[in-house]
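Here's the structure we're looking at; comments come further down.
Please treat every number below as a calculation from the coordinates, not as lab data. These figures come from a predicted structure and were not determined experimentally. Glycine gets a Cβ as well: all are built from the backbone with ideal geometry, and neighbour counts include every protein chain shown.
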Amino acid sequence: LMIDQDKKEEGLFIKNWHSPPTLKELKNSLEEVKKNRNKKKIKFKQEPPILHIACRNPDDAKEILKKARKTGWKKSGILSWERNGSIVELNSTEKLEFPIIHYNELLVDEKFLKIALKESKERIKKGWKKIENLEKELKQ
């Protein structure tokens, strides 16, 4: 859960989890946010996996990028291109983001929250599967 605003700054993240919360945890957090945030727009945001890989040279970076794209890492590229080392950034696409509180008013009902949590869990599973598939591809 985070404050929804255009400018990035410290303190935007209100509550975060590293695995999907239960419905009860999410509802409790939303109630707490409604009580403690005056006139703010709040969104639910789930980020997709992002990997950074240090490579010995540009040829290795190109090979990793090729294998990553083959296994579904669409938003990816080479960040640095140096003879003695390159960095590949792999961005996945399993993002989930929606407004959830608008000026202390909850915008969704419990049915929506259940669906959103289910979708969140599925996207996390897809992200881990994509990482596993990349690992298998790199070992070949």
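Quick notes on this structure:
- Amide H contacts for SER76 (H built 1.01 Å from N in the peptide plane; partners 5 or more residues away or on another chain; cut-off under 5 Å): ASN91.
- Loop-resident sites, segment 44-85, for trypsin sites (Lys or Arg not before Pro), counting at most 12 other Cβ within 10 Å (DSSP): ARG56, LYS74, ARG83
- Sum of -39500 (n - 2.57) over DSSP H runs of 4+, divided by residues of the chain (222 nm, nearest 500): -14000 deg cm²/dmol
- Taking all Cα-Cα distances within segment 35-82, those exceeding 18 Å account for 49%.
- Shown is the FRET efficiency for TRP17 and GLU132, computed with R0 = 35 Å from the Cβ-Cβ distance and rounded to the nearest 0.05: 0.95.
- Looking at segment 94-131, the trypsin sites (Lys or Arg not before Pro) that sit in a DSSP loop and have at most 16 other Cβ atoms within 10 Å of their own Cβ are LYS95.
- Extended-chain gain in nm, criterion 0.36 nm per residue less alpha-carbon gap, THR93 and LYS118: 7.3 nm
- Percent RCO, i.e. relative contact order, over the chain, from Cα pairs under 8 Å lying at least 6 residues apart: 28
- Ignoring lysines fewer than eight residues from LYS41 along the same chain, the ones with Cα atoms less than 18 angstrom from its Cα are LYS7, LYS8, LYS15, LYS27.
- Virtual spin-label span in nm between ASP60 and LYS41, 7 Å along Cα→Cβ: 4.5
- For ILE100, the residues whose modelled amide H falls within less than 5 Å of its own, excluding neighbours fewer than 5 places apart on the same chain, are ILE42, LYS43, PHE44.
- Its Cα gyration tensor gives segment 89-140 an equivalent ellipsoid, and the semi-axes of that ellipsoid, as √(5λ) in whole Å with the largest first, are 33, 12, 5.
- The chain: radius of gyration and largest Cα-Cα distance (Dmax), Å: 18.7, 55
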